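Heads up, the thing below is written out as structure tokens.
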Amino acid sequence: MNSVDAVWGVGRLTIAPLCYTLARLRVYGADRIPRHGGCVLAVNHFSWLDPPCVGTACPRTIYYMAKIEAHRVPGLGQLIRGFGTFSVVHGALKQIACVVVAKLAGYDLGYAAGLYSGSQTISASMGLATDAINRLGLAADQTKAYLDNMPVAYAVTYMFGTMGSAIVIAVIGPKLLGIDLVAACKDYEEKHGGGKKQLGGPGTAWTRWALRAYKVQPGGKAVGLRVAEAESLVPDARLFILRIRRGGEIMDATADIVLKEGDVVAVAGEREVLVNILGAAAVEVEDRELLAVPVEGVDVLVTNKEVDGKTLEELATRPAARGVFLRKITRGATATDIPILPGTEVNRGDLLTLVGRTEDIAAATKMLGVADRPTDVTDMAFVGAAIVVGALIGALVFKVAGAPLTLSTAGGALIAGIIGGWLRSVRPSFGRIPTPTVWFMNSVGLNIFIAIVGISAGPGFVNGLKTQGIGLFLWGALATTVPLVLGMFVAKYVFRFHDALTLGIVSGSRTTTASLGLVCDQAKSQIPALGYTVTYAVGNTLLTIWGMIIIMLLS
């Protein structure tokens, strides 16, 4: 036992009773934390009660990571270091790199904001940067010069920001880190219960799931067993008896029905299992009427707190999952496909594509959340209200040490969108926006904004390009490359993420779907996408807001 373990031992004896009584602490899922080996806890940090409460609940010693400012507080710093807490610099590599590059190159505010937006491929930050420049109270001609320089730098640096990011992450990244992506993804799949790469699907004749009819033979293993017991005769396989023909009558199978000699049963499951296992031990028959089972495929939005964080293996054992097969998991605003593995966790906001009998789908939907059926109607009342509320919040200006601080209308709308998206994920009865509409607003709307900025800056574009030349492109390439390289090493050697996830995590932090696609192509797997969605959400928000902050820092 080291000194940190000893401090934690004393801390639990003294602090734990207070946490259970004063904070009314309740602990769920502590048994899922491994007692040995590496483990990263990502905790929602709402108050100073969180560290002692989480430490009380966790069955092993925790080495917290805290921003360096906390370590500098007299008394507090010594206390948290006694519990093994280590410090980090509270910042982001990409944002810092762009500020440093702009300073070294001697660029003005317009070129700095454009270089940041282009090199980090975050076009939306130009809106916040524009608002920030307009609020500086500069002379009209100087403000116009800054705003005209912004799209010049953006246009020159954006190409490498997009293509260069994909090349650095997907092509150069594995060589720098010494990663064999294909082998790493296979290793991850094996550790999390994955099988072979999935084949078939739309556009091919082969399908993974099949429905076949078999006759219960005299003296067979299934005679006298309940349906649920017969389904479990083949271990580690999801086989379901959906219907039974007994004599001239067809009935829907329930878990408690007892099978008899001569019954003809409709069995659904993996084609490989039906052919290689059942096909060798049972007599298959043709019964069109029995096999005409009403089925449907439905997208289900996960909203139930009880299933949040549960693995597919855990959910598969629930009665409501009987007779239902999972075809696809889609996560996040980028609609990222998540690999289907026994150890894959389901999160609130995930979209699960389920296939099965109508009644089974209804039961599974009730367990998971709500059916997200296709529609071409946008909830414009919700969209409009979010924009108005966000703009009003963004219009507020606060004076701090004489300097005006504000989110701006663009930043306020961004925050409103984040909150609205979260509300939609937990209460999907409102705020429905069809996917094509989201694409239109995200792509076309942003492109129109950039086009208008470009048109207004057109007269100065050629002159700006002549004056800055290749230097602007090279500085942009540097601002693109350095944070990515540092980020890859931090992800692998500091946070020690699995090699299969590291490059997907870095792609998400850069918010570049192109690099994720190239990484998955190089890996010949969708496993890297597991690390993409969370960092994309965080990166997209922080990178956008930084468009305003970079102006404040450089001004």
task = Would you mind finding the one in Thr56, Thr61 that is at pLDDT 75 or above, part of a loop (DSSP other than H, G, I, E, B) and at negative phi?
result = Thr61
message = For the structure I just gave you, tell me whether Ala381 is surrounded by fewer than 20 Cβ atoms within 10 Å (Cβ to Cβ), among the aliphatic types (A, V, I, L, M) and in contact with a helix residue (DSSP H, G or I) (Cβ under 7 Å, 6 or more places away or on another chain).
response = no
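State yes or no: is Gly323 of a type outside the set (S, T, N, Q), at positive phi and either surrounded by fewer than 16 Cβ atoms within 10 Å (Cβ to Cβ) or not assigned by TED's automatic domain parsing to the domain that holds Trp439 (or both)? Don't jump to the end; show me each part of the working.
Numbers: of a type outside the set (S, T, N, Q): yes; at positive phi: yes; either surrounded by fewer than 16 Cβ atoms within 10 Å (Cβ to Cβ) or not assigned by TED's automatic domain parsing to the domain that holds Trp439 (or both): yes.
Considered against the rule, which asks whether it is of a type outside the set (S, T, N, Q), at positive phi and either surrounded by fewer than 16 Cβ atoms within 10 Å (Cβ to Cβ) or not assigned by TED's automatic domain parsing to the domain that holds Trp439 (or both), Gly323 comes out as yes.
Against the definition (small (Gly, Ala, Ser) and in contact with a helix residue (DSSP H, G or I) (Cβ under 9 Å, 6 or more places away or on another chain)), how does Gly220 come out, yes or no?
Working: small (Gly, Ala, Ser): yes; in contact with a helix residue (DSSP H, G or I) (Cβ under 9 Å, 6 or more places away or on another chain): yes.
Spelling it out, Gly220 is indeed small (Gly, Ala, Ser) and in contact with a helix residue (DSSP H, G or I) (Cβ under 9 Å, 6 or more places away or on another chain).
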ask   = What number goes with the only condition from (1) touching an Asp or Glu at 6+ places or on another chain (Cβ under 8 Å); (2) surrounded by 20 or more Cβ atoms within 10 Å (Cβ to Cβ); (3) at pLDDT below 85 that Leu407 does not pass?
value = (1)
task = Please work out which residue is farthest from the chain's Cα centre (by Cα), limiting yourself to segment 514-551 and to residues that are at pLDDT 80 or above and among the small types (Gly, Ala, Ser).
result = Gly547
remark   = Restricting attention to segment 354-396, the residues that are outside any helix (DSSP H, G or I), under 22 Å from Arg243 (Cα atoms) and touching a residue at least 60 places away in the same chain (Cβ under 8 Å) number exactly 3
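Output the residues belonging to segment 143-189 that are at negative phi and not in a helix (DSSP H, G or I).
Step one: of segment 143-189, the residues at negative phi are 143-177, 179-189.
Scanning segment 143-189 gives Ile179, Asp180.
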ask   = Under 7 Å by Cβ, and 6 or more places apart or on different chains, what pairs join a residue from segment 425-446 that is at pLDDT 75 or above with one that is among the aromatic types (Phe, Trp, Tyr) and surrounded by 12 or more Cβ atoms within 10 Å (Cβ to Cβ)?
value = Phe430/Phe382; Gly431/Phe382
inquiry  = List pairs: first residue in segment 221-241 and acidic (Asp, Glu), second residue buried (at least 21 other Cβ atoms within 10 Å of the Cβ) anywhere in the structure, Cβ distance under 8 angstrom, at least six positions apart or on different chains.
reply    = Glu231/Phe240; Glu231/Ile241
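The values are calculated or read from the model by the stated rules, or taken from the named source; none is laboratory data. Since this is a predicted model, take the numbers as computed values, not measurements. No Cβ is skipped: glycine too gets one built from the backbone with ideal geometry, and neighbour counts run over all protein chains shown.
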